[in-house]
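Take a look at the structure below.
Derivation of every value follows stated rules applied to the coordinates shown; laboratory data play no part. All of these numbers come straight from a predicted model, not from anything done at the bench. Ideal geometry is used to build each Cβ from the backbone, glycine not excepted, and the neighbour counts take in all protein chains shown.
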Ligand code: G3P
């Protein structure tokens, strides 16, 4: 399973990269806005900086909502750095754009996916990644992890190569549940990734090892 970090914050990307387990980064317009990055040129520079720090696949989302605008913007984003994956919303124009980019060999991430039907269209259009939003489904009392499991099952049954990228992950348990559901990738906040390390028996065991060592060695 690949680990992506879901942020545009350079310090958090550096910290995750230093752990040695980071495979990529996902961003979206809200995450870019959270960093206060204004203006297209600054945003493009920021994407290049993320690619330089993280390596791996870096999803950069288009702002345009019409097909021609998505193509123009996506081509510019893809030209910024070889690590960029063009992120497109799962709308009719977005699916057309996924198909266009897949024909050109440009990698895509089809985002804002909330149903198996949307994931089917993304795979048929040739998306590299599909992003079901786990947390946002849970927010409305639906089962985000069940959607991930259903998409994985459907892709395996039909042999689609689109990778299931579990997004809108809110906590460590989501990561584990998406792993059990067979997701290819989980994109998570740094805190959720670091939460995988936590276990009281690890802390207690380490304390015991060290105190036993010091009893003998001073
Ligand atoms: O990757 C998509 C993700 O950023 C959305 O997360 O927490 O805003 O639902 P959230």
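Annotations for the structure displayed:
- Centre-to-centre, using Cα atoms only, the stretch 37-88 and the stretch 12-33 are separated by 14 Å.
- Annotation: the residues 104, 99, 153, 87, sorted from fewest to most other C-beta atoms within 10 Å of their own C-beta, follow the order 104, 153, 99, 87.
- Axis angle, to the nearest 10 degrees, between helix 116-125 and the longest C-alpha principal axis of the chain: 70 degrees.
- Relative to the dominant Cα principal axis of the chain, helix 67-80 is inclined by about 50°.
- Cβ crowding within 10 Å ranks 91, 111 as 91, 111, fewest other Cβ atoms first.
- Scattering from the stretch 1-159 was approximated by placing one identical point on each alpha carbon and applying the Debye formula without solvent; log10 I(q)/I(0) at 0.11, 0.12, 0.20 1/Å stands at -0.43, -0.51, -1.35.
- Report summary: the helix-based calculation at 222 nm, which adds -39500 (n - 2.57) for every DSSP H run with n ≥ 4 and divides by the residues of the chain, gives -17000 deg cm²/dmol.
- For the chain, the longest principal axis of the alpha carbon atoms and the long axis of helix 92-103 meet at an angle near 80°.
- Residue order, fewest to most beta carbons within 10 Å, for 50, 71: 71, 50
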